[in-house]
1. Any lysines with Cα under 30 Å of the residue A:248 Cα? List them, leaving off those in the same chain fewer than 8 positions away.
2. Roughly speaking, what is the stretch gain from residue A:251 to residue A:173, that is 0.36 nm per residue apart minus the C-alpha to C-alpha distance, in nm to one decimal?
3. Based on Cβ point charges of +1 for Lys and Arg and -1 for Asp and Glu, what charge dipole magnitude is obtained for chain A about its Cα centre, in debye rounded to the nearest 20?
4. Answer with one residue from A:28, A:229, B:114: the one whose Cα lies farthest towards the positive end of the charge dipole of the protein assembly as shown, charges on Cβ with Lys, Arg +1 and Asp, Glu -1.
5. Size of chain B along its principal axes in angstrom, Cα-based, largest extent first?
6. Kindly express, to the nearest 10 degrees and within the range 0 to 90, the angle between helix A:138-157's C-alpha long axis and the longest C-alpha principal axis of chain A.
7. Report, as an integer, the average count of C-beta atoms from other chains found within 10 Å of each Cβ along B:170-183.
8. Provide the per residue accessible area, probe 1.4 Å, for segment A:100-170, rounded to a whole number of square angstrom.
Amino acid sequence: MTAATTAALTATTLDVRGVSMRFGGVLALDDVTFTARTGEVLGVMGPNGAGKTTLFNVISGVQRPTAGTVSLGGVPLTGCPVDRVASLGVTRTFQTPVMFWGLTVRESIAVALAAREFGGSYPPPPLRALLPAGFGTPGRRRADAVLNDRADALLASAGLAHMGDRATESLAFGEERLLELARALAVEPVVLLLDEPLSGLNPDEVADVLTLVRAARTAGVAVLLVEHAVGELLSVADRVVVLDHGRKIAEGTPSDVAADPIVIDAYIGDELE
Amino acid sequence: MSFAPQNAYGRVALIVLAVVAAAVWFLPAYYTGLLTLIGIYSLVTIGLNLFMGYAGQVSLGQAAFVGIGAYTSAVLAVYLHVTPWLGAAGGAAVAALVAYVLSFVALRLRENLLALATLALGIVINVVFNEWEFIGGSSGFKDIPGFKLGAFTFDPRAYAILSWALVAVGIWFAGNLVRSSFGRTLIAISAGELGAQALGVDAEKLKRQTFVLSAVYAGIAGAVYASYQSYIDPSSFGFLLSVNFVLMSVIGGLRSLWGAVIGAAIVVALGQILQAVVPVVLPSARGDFQQFFLGAVLIAILILLPRGLAGRVSEGGRA
Ligand SMILES: Nc1ncnc2c1ncn2[C@@H]1O[C@H](COP(=O)(O)OP(=O)(O)OP(=O)(O)O)[C@@H](O)[C@H]1O
Ligand SMILES: [Mg+2]
């Protein structure tokens with residue numbers, strides 16, 4: 001690896017600054033600041049209700065923070081709608097997987113690839129997608145066939161080659177999580193937010209997800225990983241941010257965080273409540 | 001595996017068109033007229049199915065776009081002597097423009113409110129038809145020129161063939177669309193809008209393009225209707241017609257393009273049957289009662305066949 005690529009792989013990409021999110025009387029996020037770098041897995045830990053999903057909602061544009069800013073490589077994301085944030089390179093999965101019922105697994109991936117085809121945003125003006133598609137122009141048909149082939153290739157690389165023709169309605173919970181992850185990877189994100197991607201999975205599926213996460217890291221993606229399975233989280237994360245009651249209470253390497261009395265307190269305190 | 005999308009819709013539609021083109025030479029005029037009406041309504045409903053069945057939205061104002069197409073073409077023909085062929089294009093363009101403008105308000109809204117917004121559009125447009133004397137006001141627009149091909153002025157048979165030719169083109173186009181990445185993305189937003197947005201899908205823009213396309217279908221249908229009837233008035237494009245389009249769409253099966261045609265045929269046929277039967281069974285019943293019975297029969301169909309007659313929405317449930 002050259003010095004230049006090493007530098008690129010450790011560059012700050014996502015910058016979360018002083019973010020607060022208030023819902024009525026609940027301060028779900030309280031002045032949270034951290035950064036994520038390209039090519040790292042940043043674990044996000046915290047007891048139930050700590051604000052982890054809210055943090056992802058704020059970063060991905062689902063919710064607008066009541067204070068603070070989020071930016072990607074210097075470009076502000078705060079206030080951008082979800083699809084705009086995605087087209088800038090930040091995508092996510094959901095605590096409850098979102099499936100595209102009515103499509104097959106392959107078609108679900110192809111939807112993600114279609115957005116990619118047009119610079120990360122879909123649809124382009126009617127002349128570029130709707131009309132060629134409706135008239136069935138040879139160019140558009142070829143492009144769609146290519147999307148299908150690429151979807152198959154992606155499924156194969158995620159170990160899901162056998163699933164391409166399955167209806168998404170027929171998937172088991174663990175398969176839904178894997179498909180959602182493969183779909184998110186298909187848009188080649190700069191930052192990938194994974195909300196409890198291991199919950200509800202069997203050990204084989206856990207290993208599959210962790211393999212995909214490590215591969216994404218190697219490809220230079222900044223992966224933010226929310227997970228209650230602390231052992232797995234600490235094993236895959238390069239750094240960890242810990243939230244409790246909306247505040248960042250710790251940040252550091254997995255071993256530092258695991259040994260931090262404040263963190264231990266937060267988890268034990270939570271269990272005693 | 002390489003997958004080249006083939007469109008069987010277009011081929012089947014050509015066969016249907018050939019059957020219609022042959023049948024009109026044998027059918028009594030009354031049935032040819034019904035066939036024309038079914039063709040015109042099918043065209044509207046195919047467009048509506050893209051917006052409702054595939055994109056998962058609701059429109060209770062589709063009759064307004066039919067009316068806009070009809071009035072635009074009529075005005076162009078009567079005042080400016082524009083041929084209905086161009087008038088249909090003009091009608092489609094104006095309907096598309098109105099849909100485009102409205103979409104900036106309506107498509108921000110969730111389903112129930114979208115239904116109300118499109119309903120309001122229908123009512124407002126109808127008020128315009130009623131009050132605007134330039135287009136005939138409440139007494140309507142008479143002597144609308146017919147379609148011509150060279151020296152030949154369209155007769156009822158020609159209108160039946162024209163309307164089904166448009167159905168064939170409309171279903172071919174929609175068939176290509178639903179099998180393309182565009183159609184898949186429509187299904188994706190109807191199933192999980194936020195999930196699609198997180199991949200970079202601009203759901204509002206996608207719905208807007210589809211809504212405008214549905215208005216184009218309706219506008220063309222309206223232009224053909226105006227020339228076919230040679231007379232239009234505001235009551236031809238009222239709220240009940242919009243409801244009937246939704247019924248056609250739902251009865252045939254929302255996520256099915258041929259379902260749109262089947263739905264249109266059933267609603268038109270039921271309307272005719274009730275018109276014949278109700279006065280015999282209930283001599284005191286008036287016109288409103290027919291609509292009442294039509295509604296009742298259709299609700300019964302919906303309860304018995306919730307996915308519509310041609311429903312192709314996957315049967316697979318969640319494990
Ligand atoms: N839309 C909302 N309206 C009101 N309160 C909310 C909303 N979303 C989250 N909250 C509150 O904000 C706090 C943080 O919730 P959040 O879902 O972010 O927690 P979490 O860390 O993801 O928890 P879990 O581990 O259970 O998923 C909770 O107290 C929750 O009740
Ligand atoms: Mg959560």
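1. List returned: A:52.
2. Details: separation 78, 0.36 × 78 = 28.08 nm, distance 3.19 nm.
Roughly 24.9 nm would be gained on extension.
3. Numbers: 22 positive and 32 negative charges, 273 e Å.
For chain A, the charge dipole is close to 1300 debye.
4. B:114
5. Projected onto the principal axes, the Cα atoms of chain B cover 56, 45, 41 Å.
6. 40 degrees
7. Values: counts 1, 0, 3, 6, 1, 2, 8, 7, 2, 5, 12, 17, 12, 5.
Partner-chain Cβ atoms within 10 Å, mean over residues of B:170-183: 6.
8. Values: 2740 Å² over 71 residues.
Result: 39 Å² per residue.
The values are calculated or read from the model by the stated rules, or taken from the named source; none is laboratory data. Computed from a predicted structure; not experimentally measured. Cβ: placed from backbone, ideal geometry, glycine included. Neighbour counts: every protein chain shown. We work out accessible area using only protein heavy atoms, side chains counted, and drop any ligands, DNA or RNA first. Shrake-Rupley method; radii C 1.70, N 1.55, O 1.52, S 1.80 Å.
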